[in-house]
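Here it is, the structure, as C-alpha cells.
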Amino acid sequence: MKSRTEEEQAARALDQIEEAQARGKAVSAYRDAAPQFVLWGAAWLIANSAMEVSVLAGLVAWPVVGGIAIFASNLMARRLRARRRSFAPETLAERKIDWRVGASFSLLFVFVVLVGFIFSPVSYRALSAFISLIAAFAYMTAGLWLGGRLFVIGALVAMLILAGYFGLKDYYFIWLGVVGGCALIAGGLWLRTA
C-alpha cells in the first residue's frame, strides 16, 4: 500500500512531465512559426512601404508580394510537414489540423477582401490599419493556443499600428511597413531562440 507522501510525489512527477511536454510543444511551435514570421514581416515591410510611394504602387505590391509570400509560406509548410513525417508517421489529428490551418487563413483572407468591398470607399489608411490589426489579433489568438511569445508579438504589433495610426499624419504607410514588418521579423528571430 502506498503512503500519502508517495502518492503526492507521484502526482507532482506527473505534473512535471505534463509541464515539460507543454513547454516542448510550445518550443516546437515557436521554431516552426519563426520562418513564417520572418517571411510575412518582409512582405509586410515591402508592400506597406510601397503604399507610401503611391496608392497604385501599394495596390499592385500587395497582391504580388502577398502571392509570393503565400506560395513561399505553403512551400515552407510542406517541407516542414515532410521533415516531420520522416521522424514519425503523421496522425489523423495532425492531417486534420494541417488542412484546417490553411483553410482558416483562406477564410480570413476572404473575410478581409469582403470587408474591404463593404466599407469602400474607405481611406486606404484606415483599411490598412484594419487589415493589419486583424493580422496582429490573429497572432495574439494563436498565442493563446500555442504559447505566450506569439501573443506578445501580436500585442506589440497592434500597439505600434495604433500608435502610428493615431499619432502620425504623414508617412503612416512607411511606419506601418517598417514597424509592423520589422516587429514580425524580430518576433520570428525571437521565436527561433526558444
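The values are calculated or read from the model by the stated rules, or taken from the named source; none is laboratory data. It should be emphasised that the depicted structure is a prediction, and the values quoted were computed from it without experimental measurement. No Cβ is skipped: glycine too gets one built from the backbone with ideal geometry, and neighbour counts run over all protein chains shown.
Looking for something part of a helix (DSSP H, G or I), touching an Asp or Glu at 6+ places or on another chain (Cβ under 8 Å) and over 20 Å from residue 30 (Cα atoms) - is there at least one such residue anywhere in the range 176-185?
yes
Residues are listed down the side, and each one gets a yes or a no for (1) touching a helix residue (DSSP H, G or I) at 6+ places or on another chain (Cβ under 8 Å); (2) without any contact (Cβ under 8 Å) to a residue 60 or more places away in the chain:
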| residue | (1), (2) |
| --- | --- |
| 107 | no, yes |
| 112 | yes, yes |
| 116 | yes, yes |
| 124 | yes, no |
| 137 | yes, yes |
| 149 | yes, no |
| 155 | yes, yes |
| 159 | no, yes |
| 165 | yes, yes |
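Check 162, 144 and return the single one that is closer than 26 Å to residue 32 by Cβ and surrounded by fewer than 15 Cβ atoms within 10 Å (Cβ to Cβ).
144
Are there any pairs, at least 6 apart or on different chains, whose C-beta atoms fall under 7 Å, with the first in the range 177-188 and closer than 12 Å to residue 136 by Cα and crowded, with 24+ Cβ neighbours inside 10 Å and the second acidic (Asp, Glu) and modelled with pLDDT of 85 or more, and if so, which?
none
Moving on to the next point. Considering only the range 128-149, I want to know if a residue exists there that is over 18 Å from the mean Cα position of the chain (by Cα) and over 22 Å from residue 30 (Cα atoms).
no
Still on this model: In the range 167-176, what count of residues is obtained for those that are more than 13 Å from residue 132 (Cβ to Cβ) and either touching a residue at least 12 places away in the same chain (Cβ under 8 Å) or touching a strand residue (DSSP E or B) at 6+ places or on another chain (Cβ under 7 Å) (or both)?
2
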